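Taking it in order: structure first as structure tokens, then the write-up.
The values are calculated or read from the model by the stated rules, or taken from the named source; none is laboratory data. Note that the structure is predicted; figures quoted are calculated from it, not measured. Because the Cβ atoms are built from the backbone with ideal geometry, glycine has one as well, and the counts that use them run over all protein chains shown. Accessible surface is based on the protein model in full, side chains and every heavy atom, while ligands, DNA and RNA are left aside. Shrake-Rupley method; radii C 1.70, N 1.55, O 1.52, S 1.80 Å.
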Amino acid sequence: MTGAGLAETAVASDQRLFEMRLARSRDDLFGMLERLYGQRGDYEAFRGKLMTALRKAWEARPEDLKWLDLARDLEPDWFQREGQVGYVFYIDRFAGTLKGVLDRLDYLEDLGVTYVHFMPCLKPRKGDSDGGYSVADYRSINPAYGTMQEFEEVAAALRARGISVCIDMVLNHTAREHAWARKARKGDARYRDYYLTFETDKLPRAYEEYLVEVFPDTAPGSFSYDADMGRWVWTTFNTHQWDLNWANPAVFLEMVEVMLYLANRGAEVLRLDAVAFMWKRLGTRCQSEPEVHMILQALRAACRIAAPAVIHLEEAIVSPGEMIPYLGAGEHTGKEGNLAYHNSLMVQFWSALAARDTALMTHVMRTHFPPVVQNATYATYIRCHDDIGWAVTDEDAAAVGLSGPAHRAFLSEFYEGGFPGSFAKGALFQVNEETGDKRISGSFASLAGLEAALEAGDVRGVDLAIDRILTGHALIASYGGIPLIYMGDELGLLNDYGYADVPAHAHDSRWVHRPAMDWEAAAGAAAEGTGVAARIHRGVRQIMAARARLAPLHGGNATLVQDTGSRALFAFTREAPAGAVLCLFNFTEGWHSVSADWCRDNGVRLFRDGLSGSGVETGNGRVALPPYARLWLM
């Protein structure tokens, strides 16, 4: 066969593969879109434009990414596997620039990382950009970090090491300076319909009766008056972040084109930001409306057609009862997000740590979360770039004999450091006097007591803080899903109070837990030293390496929360055909124990710790757990 004939055959094979994937996901895509937009007179034209966009994106997809698509079609559980470990960082704070990341690949690989999340790296508006989430151009990289070509080069280098790149794609809003918004402000009716704008404040006031303020301190309300347009604009987060009108199919089409453009540049995980707010309905909180899940299923289906190697992480920091649908529930089961943040696991870790009581944690994790989710899993974490909101409902608190408002207030006071006996050092964020909501900022290490112990020269306090940090990492590594290490937590980086001296950051206490990477500490840790950073780094590496060896920790295996009979302990079983792992955690600075017979009843056949590889004593028929112990019993 001639070269031309081979090329024609390759094109025909490509087209056939596209048609097969279209057939696979056609109903998941258009079934949702017809319900969302089918009543509109322009629906058929929209459908035709969408098909054209999907075909063009597939035809433009680089050859190596098409091979990755095929590999992941053959291994659809790749992101659920026990070897997956995530690492999250701001590019400038980790490596200065995108090209600088190339100098840190060995560090990431040594830590066991298989997934990196570049915190907002698309081009933001100038000035305050909500940490990069006020996007002015979805197709350009923040020039402070580099170029889109450099992003492609870095993504390819990471991919060659088996590391997937995750980037943020903000779905709920754009910056006021985005090209669409600029055209809307100039009176272009087409682009004005991309946003939610109003001639008077009558409807905004009616909506606001039910809305919850996100940033009451710095951006009160959910609407802003734009003098250029002479109209009110829906701005859930900040005056410069204009909410998109997802009831307009043109917005869906634009976002699919952006999504596939980023996929073709090498993004393998798209973190879909602020998804809960995408659909508005008068008389509701305008969060987690049914249409949100229709949109998200349709977006995932579009990716499965034109870039199936890509998965979606849905950022929805909502109550426990609202969270599971973002991984697919009811008609969306197995068809919506591949990943969703396990916000409740994070909140319950800090709650149990402060209270020295796991009753609420056990109740919440048992009541609201199924043992397994289909074709999806969690992104588990203890700290991230954001504040901690105490997502503890009054009903859940009451179920274990607590007052919801009192417990939430206790947690804020404890982690700010004001509660008697607190080991934490944090900062309040966005205090809402009307609701009593007080959120908390702070690094993992400072909230876990390391900062206070070091300042006091308290050797035992340092040891306890290190154990709290390692227990948290062992929890997210074993509960189910992809554990996400936030940059610097593996070294015990403390709060950075210098943010108050930076005008662009001074108003936002979240910058206290966004320090620059300490590469000197990292070098010392890599040298297997005996300092605090080295101890934490060594412990985190061991935890992630142990995780990779244990098949039951695959995200597709069930997680069954167990009752230990002790409110000091939290336990769950990871069940798998080849055997179970019983994971035990002590949330206090005292010694506790469980009976060996109870362990056997919960699947333990070999009293060996999967974390350390050591045997576990069962003297007097009991398993002893030292302060802040973590055990993975085989």
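Roughly speaking, what is the centre-to-centre gap between the stretch 408-439 and the stretch 327-399 when only Cα atoms are used, to the nearest Å?
Taking the Cα centre of the stretch 327-399 as reference, the centre of the stretch 408-439 is 21 Å away.
Taking the Cα centre of the chain as the origin, how large is its charge dipole in debye, to the nearest 20, when only Lys and Arg (+1) and Asp and Glu (-1) carry charge on their Cβ atoms?
1020
Take the Cα pairs of the stretch 447-579, get the Kirkwood Rh, then feed it into Stokes-Einstein at 4 °C and 1.567 mPa s and tell me D in µm²/s.
Approximately 77 µm²/s, per Stokes-Einstein.
Which residue, chosen from S351, N338, G321, occupies the Cα position most advanced towards the positive end of the dipole of the stretch 305-359, where the dipole is computed from +1 (Lys, Arg) and -1 (Asp, Glu) charges on Cβ about the Cα centre?
The Cα lying farthest towards the positive end belongs to S351.
To the nearest 10 Å², what's L203's accessible area with a 1.4 Å probe?
Accessible surface of L203 is approximately 80 Å².
When only C-alpha pairs under 8 Å and at least 6 residues apart count, what is the relative contact order of the stretch 1-120, in percent?
21
Across the stretch 487-492, in residue order, what do the Karplus-derived ³J(HN,Hα) couplings come to in whole Hz, using 6.51 cos²θ - 1.76 cosθ + 1.60 with θ = phi - 60° and x for Gly and Pro?
Listing the rounded values in order: 2, x, 5, 6, 10, x Hz.
For Cα pairs less than 8 Å apart in space and 6+ apart in sequence, what is the mean separation divided by the residue count of the chain, i.e. the relative contact order in percent?
12
If you wrap a convex hull around the alpha carbons of the stretch 101-192, what volume per residue comes out, as a whole number of Å³?
112
Calculate the length of the line joining the C-alpha centroid of the stretch 466-520 to that of the stretch 198-254, in whole Å.
Here the answer is 32 Å between Cα centres.
Could you give the longest part of the chain that holds none of the GluC sites (Glu not before Pro) found in DSSP loops with at most 13 neighbouring Cβ atoms within 10 Å?
Segment 210-432 is the longest.
Return the carbon/sulfur percentage of the accessible area of the chain, one whole number, probe 1.4 Å, all protein chains in place.
In the chain, the share of accessible area belonging to carbon and sulfur is 51 percent.
Can you work out the Karplus-derived ³J(HN,Hα) for every residue in the stretch 181-191? Use 6.51 cos²θ - 1.76 cosθ + 1.60 with θ = phi - 60°, whole Hz, and x for glycine or proline.
Each residue of the stretch 181-191 in turn: 5, 4, 5, 4, 5, 7, x, 6, 4, 4, 7 Hz.
Provide the net charge surrounding Y261, with neighbours chosen by a C-beta distance below 11 Å and charges set as Lys +1, Arg +1, Asp -1, Glu -1.
Once all neighbours under 11 Å are counted, the net charge is +2.
Enumerate the amide H contacts of R608 below 5 Å, restricted to partners 5 or more residues apart or on another chain; note that Pro and chain-start residues carry no placed amide H.
Residues meeting the criterion, in which the H sits 1.01 Å from N, are V616, M634.
Using the Kyte-Doolittle scale, which helices in the chain average at least -1.0 and also have C-alpha atoms spread 30 Å or more along the helix axis, with helices defined as whole DSSP H runs?
Passing helices, by number: 3-37.
Just the number, please: Stokes-Einstein D of the stretch 304-432 in µm²/s, Kirkwood Rh from C-alpha pairs, 10 °C, 1.306 mPa s.
D, rounded to a whole number, is 99 µm²/s.
Determine Rg/Rh for the stretch 53-134; Rg is computed over alpha-carbon atoms and Rh is the Kirkwood hydrodynamic estimate from the same atoms.
Rounded to two decimals, Rg/Rh equals 1.05.
Quote the Stokes-Einstein diffusion coefficient, in whole µm² s⁻¹, for the chain, based on the Kirkwood radius over alpha carbon pairs, a temperature of 37 °C and a viscosity of 0.692 mPa s.
Using the Kirkwood radius from Cα pairs, D works out to 129 µm²/s.
Count the net charge of all other residues whose Cβ sits under 10 Å from the Cβ of A533, scoring Lys and Arg as +1 and Asp and Glu as -1.
Within the 10 Å Cβ shell, the charges total -1.
Select from the stretch 115-222 those trypsin sites (Lys or Arg not before Pro) which occupy a DSSP coil region and have at most 11 other Cβ atoms within 10 Å, ordered by residue number.
K126, K186
Taking the DSSP beta bridges in the chain as the whole, what percent of them are antiparallel, to the nearest 5?
60
What FRET efficiency comes out for the pair D518/R549, r = Cβ-Cβ distance, R0 = 41 Å, nearest 0.05?
Computed FRET efficiency for D518 and R549: 0.90.
What accessible area, in Å² to the nearest ten, does a 1.4 Å probe give for M278?
Accessible area, nearest 10 Å²: 0 Å².
Cα gyration tensor of the stretch 233-303, axes a ≥ b ≥ c as square roots of the eigenvalues: rounded (a/c below 1.5), prolate (a/b > b/c) or oblate?
Prolate, since a/c reaches 1.5 and a/b exceeds b/c.
Taking 1 over the mean of 1/r across every pair of different Cα atoms in the stretch 180-334, what Kirkwood radius in Å do you get?
Over the stretch 180-334, the inverse of the mean reciprocal pair distance is 16.7 Å.
Return the calculated 222 nm mean residue ellipticity for the chain, to the nearest 500 deg cm²/dmol, obtained by summing -39500 (n - 2.57) across DSSP H runs with n ≥ 4 and dividing by the residue count.
-12000 deg cm²/dmol
How big is the stretch 256-364 by the Kirkwood estimate over distinct Cα pairs, in Å?
Over the stretch 256-364, the inverse of the mean reciprocal pair distance is 15.2 Å.
Compare M20, M32 by solvent-accessible area with a 1.4 Å probe and give them largest first, with all protein chains kept in place.
Output order, biggest surface exposure first: M20, M32.
For every other residue with a beta carbon closer than 14 angstrom to the beta carbon of E331, add +1 if it is Lys or Arg and -1 if Asp or Glu, then tell me the sum.
Value of the local net charge: -2.
List every residue whose amide H lies under 5 Å from the amide H of R622, counting only residues 5 or more places away in sequence or on a different chain, with H placed 1.01 Å from N in the peptide plane.
A596
Report the relative contact order of the stretch 56-200, percent, no decimals, based on alpha-carbon pairs under 8 angstrom and at least 6 residues apart.
RCO, the stretch 56-200: 20 percent.
Could you tell me how many cubic angstrom of Cα convex hull volume the stretch 434-499 has per residue?
Cα-based convex hull of the stretch 434-499, divided per residue, equals 141 Å³.
Restricting the calculation to Cα positions, tell me the Rg (one decimal) and the Dmax (whole number) of the stretch 201-277 in Å.
Expressed in Å, the Cα Rg and Dmax of the stretch 201-277 come to 15.3, 45.
What accessible area per residue, rounded to a whole number of Å², is obtained for the stretch 174-326 using a probe radius of 1.4 Å?
32
Mind listing the long-range amide H neighbours of Y138? Cut-off is under 5 Å, sequence gap 5 or more, other chains count too, H placed in the peptide plane at 1.01 Å from N.
Amide H to amide H, under 5 Å and 5 or more residues apart or across chains, Y138 pairs with nothing.
Whole number please: convex hull volume per residue, Cα atoms of the stretch 575-634, in Å³.
It is 75 Å³ per residue.
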